[in-house]
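Structure first, commentary second.
The values are calculated or read from the model by the stated rules, or taken from the named source; none is laboratory data. Everything quoted here is computed from the prediction, not taken from an experiment. Here the Cβ positions follow ideal geometry from the backbone for every residue, glycine too, while neighbour counts run over all protein chains shown. Side chains are part of the model used for accessible areas, which takes the heavy atoms of the whole protein and leaves out ligands, DNA and RNA. Shrake-Rupley method; radii C 1.70, N 1.55, O 1.52, S 1.80 Å.
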Amino acid sequence: MLAIRLQRIGRKGHAQYRVIVQDSRFSPKSGRVVSALGSYNPHTKLATINTELASKYLANGAQPSERSAS
């Protein structure tokens, strides 16, 4: 099953996240990413997500994680 998750990037103390689609059996750090949907910066609360691509994966059965859904 595919999952829509946040993958942490950025330096220590200044996190940024990628919004990714990944097989739910793997961890976000594994590098086995199906697709990157966008990014999220928690410091500025700015999220840029390709909504067309995200809706395509959601329609095909991908489940968002709790963090990425909010």
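Below are the figures for this structure:
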read-out	value
Cβ-Cβ under 9 Å pairs, at least 6 apart or on other chains, the stretch 2-14 side under 9 Å from residue 64 (Cα atoms), far side open to solvent by 50 Å² or more (accessible area, probe 1.4 Å) and among the β-branched types (Val, Ile, Thr)	2/34
Residue 25 vs. criteria part of a strand (DSSP E or B) and open to solvent by 80 Å² or more (accessible area, probe 1.4 Å)	no
Residue in the stretch 53-62 that is touching a strand residue (DSSP E or B) at 6+ places or on another chain (Cβ under 6 Å), more than 15 Å from residue 2 (Cα to Cα), surrounded by 15 or more Cβ atoms within 10 Å (Cβ to Cβ) and hydroxyl-bearing (Ser, Thr, Tyr) present	no
Pairs, first more than 11 Å from residue 5 (Cβ to Cβ) in the stretch 26-51, second in a loop (DSSP other than H, G, I, E, B), C-beta under 6 Å, six or more apart	32/26; 38/50
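Residues checked against (1) at pLDDT below 95; (2) in a loop (DSSP other than H, G, I, E, B):
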site	(1), (2)
7	yes, no
12	yes, yes
34	yes, no
39	no, no
54	yes, no
58	yes, no
